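The values are calculated or read from the model by the stated rules, or taken from the named source; none is laboratory data. All values reported here derive from a predicted model rather than from experimental measurement. Note that each Cβ is placed from the backbone with ideal geometry, even for glycine, and that neighbours are counted across all protein chains shown. When the accessible area is computed, the model is the full protein with side chains, heavy atoms only, and any ligands, DNA or RNA have been set aside. Shrake-Rupley method; radii C 1.70, N 1.55, O 1.52, S 1.80 Å.
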Amino acid sequence: MALIVQKYGGTSVANPDRIANVANRVVKGWRQGNKMVVVLSAMAGETDRLIKLGRELADYPDPRELDVLMATGEQVTVALFSIYLKAQGIPATSLLSHQARIYTDRAYGKARIVGIDTARIREELKKGRIVTVAGFQGVDEVGDITTLGRGGSDTTAVAIAAALKADLCEIYTDVEGVYTTDPRICPKARKLDKISYDEMLEMASLGAKVLEIRSVGFAKRYGVPLCVRTSFNDHPGTLVMQEDKDMEDILVSGVTYSKNDARVTISQLPDRPGIASRIFNKIAEGNIVVDMIIQNTSQDGRADITFTVPKADLKNTLDIVQPLVAELGGGQITSDEHIAKVSIVGVGMRNNAGVAARMFSSLAAENINIMMISTSEIKVSCIIDEKYTELAVRTLHDAFHLEQARPRKELT
Ligand code: ADP
Ligand code: ASP
Ligand code: MG
C-alpha cells in the first residue's frame, strides 16, 4: 500500500467525460489499497477565459480580486470530480486551499507556498476517502485566496507530495512524458525515460512548460519521486530523479524555447562605476526579473547595455528606465518584443568543449542571427528573431541527434 499524489492537467479534466475517465483511473489505484490524493487543474482554457473576463472590466484587474476569480476554475473541477466519485459510491472529499491548508505569501498571481499543514488531508485519508485538492491556489496569513502563477497546479501537487512524504507523485498531462523538445513543434522529439532534477529545472526555466519550474525545485529539495505521464494511456512516462552515471554520457538532453521575453537596449550610457547598479536596482524595485544582460566594451567613455525582461513587464521597465537614463545622461532606449530564446540543456556538456560552437554553427547554417548568448554549466541559450523559433528548435534537435536513443559524447 502506497501514498500516491496524482495531478491532472487541464486537458485531462476538460469536460465531464474526461473527469469521469480520470476518476476511474484514480479509483483503480484506490481499490488496490493505495491512499490517493488528487490535485486538479481547471478545465483546459478556463483560466484564460477567467482572466479575459476580468479584463473586460479593467485593463489591469486588481491582483487580489483576480486571484479570487482565477481560483474558481479549480473549484469547479474538484467539485465535479468528487460529485462523480460519490455518485459511484466511492468515499471522496474535495478540498480548497484553505481546507487543505496550503499557506502562501501574499504575492497575488505568483504566490509562494510557505507551508502546508497536512492534518486535514491525513484525517480524510484515514477515513478511507479519495482526497481531491484544488491546484494552483493557496491561502495567505489573513485567509485571502492567492494563486501560484500559471501552471501552478504542478507545484501544488509536488508540495503536497513532499509534505505528506508520499511514495510517488505523478503528473498527468497531454503528452506521454518529458521529451527532448516540445513534441508539438518538433515531430522527431523523443520521449525520455528519465531526466535529472537539474536538467529538468533548466528545461522548465527555459520554457519547457510540461512541468512548472517551482514544482521541480520542490521535488529536488525534498527528493520527491516524480513521474510525468499521460492520462490517455498506460505508457510509463518519464521519471524525474537524482542524476545517475549514464545521464552524464548524454551531451545534450533537450532543446527548449521561450517567447516570453522582450529585449531592451540602452545605448551610449556613461561608462563609470555605479551606472549598472542604478539601473538594475531600480528595475528590481519594480519587482521585475531581468534575465540576460550584456554590456559591450566602452568606446569614448560610453557603453551600451542590453537585457531581457518578461514581455508582460516591458511597459513597466520602459517607464522605469526612461527617466533614469535621462538623469544619467544616457542615449537612446530601444526595445523588441519579437524575440525568442532557444536553449540546449544537458549535464553532459559540463566537461565538453565544442557544444556551444556546434549550436552557433548550426544556427548560422540556417541563416539565423544570434542577438544575445548566455551560458551556464549545463545550458547554452541564444536570443534570436521570434519568427525563426520553430526552425531553430528543429535545427538544434537534428544537430545534436536527439532523435536517437543514446547520443554519445563524441562531437563528430
Ligand atoms: P497541463 O495542462 O497538463 O499542465 P501544459 O500545457 O502545462 O499541460 O504542459 C504540457 C505541454 O508542454 C505539452 O502539450 C507540450 O506542448 C509542452 N512541452 C514543451 N516542452 C516540452 C517537452 N520538452 N516535453 C514535453 N512537453 C513539452
Ligand atoms: N489553471 C492554472 C493555469 O492554467 C493552473 C494549472 O493549470 O496548472 O495556469
Ligand atoms: Mg501545466
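Under 8 Å by Cβ, and 6 or more places apart or on different chains, what pairs join a residue from the range 353-377 that is free of Cβ contacts under 8 Å to residues at least 24 places away in the same chain and over 19 Å from Ala262 (Cβ atoms) with one that is part of a helix (DSSP H, G or I) and open to solvent by less than 40 Å² (accessible area, probe 1.4 Å)?
Thr375/Ala356
If you take the residues of the range 29-72 that are hydroxyl-bearing (Ser, Thr, Tyr) and assigned to a helix (DSSP H, G or I), which of them is farthest from ligand 2 (Cβ to nearest atom)?
Here is the first cut: in the range 29-72, the residues hydroxyl-bearing (Ser, Thr, Tyr) are 41, 47, 60, 72.
Still in the list and also assigned to a helix (DSSP H, G or I): 47, 72.
Numbers: Thr47: 3, Thr72: 10 Å.
Residue satisfying both the conditions and the ranking: Thr72.
In the range 98-116, what residues are open to solvent by 60 Å² or more (accessible area, probe 1.4 Å), more than 16 Å from ligand 2 (Cβ to nearest atom), in a loop (DSSP other than H, G, I, E, B) and on the phi < 0 side of the Ramachandran plot?
If the condition is that a residue be open to solvent by 60 Å² or more (accessible area, probe 1.4 Å), more than 16 Å from ligand 2 (Cβ to nearest atom), in a loop (DSSP other than H, G, I, E, B) and on the phi < 0 side of the Ramachandran plot, then Arg106 is the only one that fits.
Please specify each residue of the range 285-327 satisfying the condition of being outside any strand (DSSP E or B), of a type in the set (A, V, I, L, M, F, W, C) and open to solvent by 60 Å² or more (accessible area, probe 1.4 Å). Steps first, please.
Filtering the range 285-327 for residues outside any strand (DSSP E or B) gives 285-292, 296-298, 300-301, 311-327.
Okay, now just the ones that are also of a type in the set (A, V, I, L, M, F, W, C), so 288-290, 292, 312, 314, 318, 320-321, 324-326.
Scanning the range 285-327 gives Val289, Ala312, Ala326.
Within the range 58-65, identify whether any single residue is crowded, with 17+ Cβ neighbours inside 10 Å and small (Gly, Ala, Ser), and answer yes or no.
no
Kindly list, by first and then second residue, each pair from a residue in the range 19-33 that is within 10 Å of Ser231 (Cβ to Cβ) to a residue that is assigned to a loop (DSSP other than H, G, I, E, B), limited to pairs with Cβ atoms under 7 Å and residues at least 6 apart or on different chains.
Matching pairs, first to second residue: Val22/Ser231; Arg25/Ser231.
If I ask for residues that are open to solvent by less than 70 Å² (accessible area, probe 1.4 Å) and either part of a helix (DSSP H, G or I) or on the phi > 0 side of the Ramachandran plot (or both), which ones from the range 347-356 would you list?
Keep residues of the range 347-356 that are open to solvent by less than 70 Å² (accessible area, probe 1.4 Å), which gives 347-349, 352, 354-356.
Correct list: Val347, Gly348, Met349, Gly354, Val355, Ala356.
Being without any contact (Cβ under 8 Å) to a residue 40 or more places away in the chain and open to solvent by 10 Å² or more (accessible area, probe 1.4 Å) is the filter here, so list the residues in the range 378-393 that pass it. I'd like the intermediate steps shown before the answer.
Going residue by residue through the range 378-393, those that are without any contact (Cβ under 8 Å) to a residue 40 or more places away in the chain are 380, 391.
The one that is without any contact (Cβ under 8 Å) to a residue 40 or more places away in the chain and open to solvent by 10 Å² or more (accessible area, probe 1.4 Å): Leu391.
For the range 118-143, how many residues meet the condition of being open to solvent by less than 30 Å² (accessible area, probe 1.4 Å) and either within 20 Å of Ala79 (Cβ to Cβ) or within 14 Å of ligand 2 (Cβ to nearest atom) (or both)?
Total meeting the criteria: 13.
Sort out which residues of the range 357-377 are hydrophobic (A, V, I, L, M, F, W, C), open to solvent by 30 Å² or more (accessible area, probe 1.4 Å) and assigned to a helix (DSSP H, G or I), and write them in order of number. Break it down stepwise before answering.
Keep residues of the range 357-377 that are hydrophobic (A, V, I, L, M, F, W, C), which gives 357, 359-360, 363-365, 368, 370-373.
So of that shortlist, the ones also open to solvent by 30 Å² or more (accessible area, probe 1.4 Å) come out as 357, 360, 364-365, 370-371, 373.
Scanning the range 357-377 gives Ala357, Phe360, Ala364, Ala365.
Out of the residues in the range 144-188 that are within 16 Å of ligand 2 (Cβ to nearest atom) and on the phi > 0 side of the Ramachandran plot, which is least open to solvent (accessible area, probe 1.4 Å)?
Checked the range 144-188; the qualifying residue least open to solvent (accessible area, probe 1.4 Å) is Gly149.
Among the listed residues Thr146, Thr181, identify the single one that is over 20 Å from Ser41 (Cα atoms) and more than 14 Å from ligand 3 (Cβ to nearest atom). It would help to see each step written out before you state the result.
Working: Thr146 fails: over 20 Å from Ser41 (Cα atoms).
Thr181 is the lone residue from the list that is over 20 Å from Ser41 (Cα atoms) and more than 14 Å from ligand 3 (Cβ to nearest atom).
Could you tell me which numbered condition Glu199 fails, if it satisfies all but one of (1) among the charged types (D, E, K, R); (2) within 16 Å of ligand 2 (Cβ to nearest atom); (3) more than 22 Å from Lys387 (Cα to Cα)?
Status for Glu199: all satisfied but (2).
Would you mind listing the strands (runs of 3 or more DSSP E) fully within the range 148-230 where at least 2 residues are without any contact (Cβ under 8 Å) to a residue 60 or more places away in the chain and out of contact with any helix residue (DSSP H, G or I) (no Cβ under 7 Å at 6 or more places or on another chain)? Give the steps one after another, and end with the answer.
Working: elements: 168-173, 194-196, 226-230.
Strands (runs of 3 or more DSSP E) meeting the threshold: 194-196, 226-230.
For every residue, the table says whether it meets (1) buried (at least 23 other Cβ atoms within 10 Å of the Cβ); (2) more than 20 Å from the chain's Cα centre (by Cα).
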position: Leu211; (1), (2): yes, no
position: Phe232; (1), (2): no, yes
position: Val240; (1), (2): yes, no
position: Asp246; (1), (2): no, yes
position: Val255; (1), (2): yes, no
position: Lys259; (1), (2): no, no
position: Asp271; (1), (2): no, yes
position: Gly274; (1), (2): no, yes
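Each row is one residue, and each column tells you yes or no for (1) touching a strand residue (DSSP E or B) at 6+ places or on another chain (Cβ under 7 Å); (2) more than 13 Å from ligand 1 (Cβ to nearest atom); (3) closer than 23 Å to Val342 by Cα.
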residue: Lys220; (1), (2), (3): no, yes, no
residue: Ser231; (1), (2), (3): yes, no, no
residue: Val240; (1), (2), (3): yes, no, yes
residue: Val252; (1), (2), (3): yes, no, yes
residue: Thr256; (1), (2), (3): yes, no, yes
residue: Lys259; (1), (2), (3): yes, no, yes
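Could you list, in sequence order, all residues of the range 50-81 that are in contact (Cβ under 8 Å) with a residue 12 or more places away in the chain and out of contact with any helix residue (DSSP H, G or I) (no Cβ under 9 Å at 6 or more places or on another chain)? Even if it seems obvious, please write down each step before you answer.
Going through the range 50-81, the residues in contact (Cβ under 8 Å) with a residue 12 or more places away in the chain turn out to be 50-51, 53-54, 63-64, 66-81.
Pro63, Arg64, Asp67, Val68, Gln75, Val78, Ala79, listed by residue number.
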